[in-house]
Amino acid sequence: MSQTETVWLTMTEVIRAHENAGGHFFDDNTKRFFRSRIGDHTYCGPGGIFFTTSEQFSPTTQRRYSVRGFDPANPRSITSVSEFQAFASSEQARRAAKRYAAGKVAP
C-alpha cells in the first residue's frame, strides 16, 4: 500500500481477510493459548492499518498491550509494529496505533 493510498477496514474485515488467506492469528485456539484479546477497532490512515492486542501469560502476570499491523496486500501476515507487550494500558496502545495510522511514527 502506498503512503498516499488509505484503505479503511473494520476489525471484522481484517479478521475475515486474514482467515480467508489461511492465517491463524485470530483462531480461538491461538487466542486461548496466548491468553490474547483483540481490540475492537482498527486505526486506518496513510500510515496503514493497525489494531491492538493484549496478552496475559498467566493469571498472576499483568496483561500487556501491543500494536499490530495488517497489510491487505499480504492478508495472511499480521506484524508486530510496536515492541511486543510495549504498553501497560489499552489506552496507551490505542494512542500509539492512531499515531502509526496517521503516519506520525514509522512502524
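Remarks
- Charge dipole magnitude, Cβ of K and R +1, D and E -1 - segment 11-102, Cα centre, debye nearest 20: 260
- Taking label points 7 Å from Cα along the Cα-to-Cβ direction, N74 and E19 give a separation of 2.4 nm.
- Using alpha-carbon coordinates, inclination of helix 90-102 to the longest axis of the chain, degrees: 20
- Only helical runs count toward this figure. For the chain, summing -39,500 (n - 2.57) over DSSP H runs of n ≥ 4 and dividing by all residues gives -8000 deg cm²/dmol at 222 nm.
- Relative contact order computed over the chain (Cα-Cα under 8 Å; 6+ residues apart), in percent: 27
- On Cα atoms only, tilt of 11-20 relative to the major axis of the chain in degrees: 90
Every read-out reported here was derived from the displayed coordinates using simple, explicitly stated rules and does not represent laboratory data. Every value quoted in this text rests on a predicted model; they were computed, and no experiment measured them. In this analysis, Cβ positions are derived from the backbone assuming ideal geometry, glycine residues included, and neighbour counts consider all displayed protein chains.
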